[in-house]
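Just so you know, all these numbers are worked out from the coordinates, no wet-lab data involved. Just so it is clear, the structure is predicted and the values come from calculations on it, not from any experiment. Cβ: placed from backbone, ideal geometry, glycine included. Neighbour counts: every protein chain shown.
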């Protein structure tokens, strides 16, 4: 993966913060606390902890939804009420394998 940063304010000379890797890489003593004087001058900031919390919450919600669907399908199957259209399933499998996406033909 490559990242390209464009900043028109970086004209000539070294970019601000060059040589401050040791200052930036030190962990903050508490969440949300800026490290070093560089972070206190209005520099951009990335908060990965809130992003990871959002991703974890979404993942947990999706897992619960999937578990509920599996339980529902299991109950239908055990009661003999679950049936599938084998023609539609086979068309969808072939389309997916060929990279055409799901088939809407019936």
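Some observations on this one:
- For the pair residue 88 and residue 65, a Förster radius of 25 Å applied to the C-beta separation gives a FRET efficiency near 0.60, rounded to the nearest 0.05.
- Region 46-106, Rg to Rh (Cα coordinates; Rh as Kirkwood inverse mean 1/r): 1.20
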